[in-house]
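Only the coordinates and a few stated rules stand behind these numbers; no lab work does. The shown structure was predicted, so the numbers you read here are calculated from the model rather than taken from an experiment. Cβ placement follows ideal geometry from the backbone for every residue including glycine, while neighbour counts extend to all protein chains displayed.
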Amino acid sequence: MRDLWRKIVSELMTPDDYQRDWYGHATNQAGHAWVIGFPAGLALAGLGPIWAAYLSGAVYLAVWEFAIQRRGRRADQIEDAGHVALAALCGAGCEASGWAVAGWLMSVILIAAGVVRRIKSSSGS
């Protein structure tokens, strides 16, 4: 059990932007969005969708990416925070369905763009 915990912590502390792995990118960003961002948005819904998204993304970026993990490419850190913020927009906007749909759609488009870029990159196109 101790080895499993060490492996999990090691994986979490190792930044990876999945430059040549479209599936890894898609699952990684979906995890940022729906495991971290959506619940954060639900918790902060009382502030309104915009503030919930802003605070979720900013706190994630400052606490996890800059203070805890501390490594990785700046563009990847910002992209991760963006996925957290977009899903927080969805979570906080559950009562205002327009915000939830807009946030979900932006999240899907952003993940799809990353997948396409990685497929093109890995095929040499």
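Here are a few things to note about the model shown:
- Among (1) more than 13 Å from His32 (Cα to Cα); (2) surrounded by 13 or more Cβ atoms within 10 Å (Cβ to Cβ); (3) under 16 Å from the mean Cα position of the chain (by Cα) - the single one Leu61 does not satisfy: (1)
- Yes/no for Val84 being part of a helix (DSSP H, G or I), over 25 Å from Val116 (Cβ atoms) and among the aliphatic types (A, V, I, L, M): no
- Qualifying residue in the range 14-24 (condition: polar (S, T, N, Q) and in a helix (DSSP H, G or I)): no
- Checking each residue in the range 25-49 for being over 15 Å from the mean Cα position of the chain (by Cα) and assigned to a helix (DSSP H, G or I) picks out Leu42, Ala43, Ala45, Gly46, Leu47, Pro49.
Here's the yes/no breakdown for (1) in contact with a Ser or Thr (Cβ under 8 Å, 6 or more places away or on another chain); (2) within 27 Å of Val9 (Cβ to Cβ); (3) not in a helix (DSSP H, G or I):
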| residue | (1), (2), (3) |
| --- | --- |
| Trp51 | no, no, no |
| Gly72 | no, yes, yes |
| Ala75 | no, yes, no |
| Trp99 | no, no, no |
| Ala102 | no, no, no |
| Ala113 | no, no, no |
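- Restricting attention to the range 35-57, the residues being surrounded by 17 or more Cβ atoms within 10 Å (Cβ to Cβ) and closer than 23 Å to Arg70 by Cα number 7.
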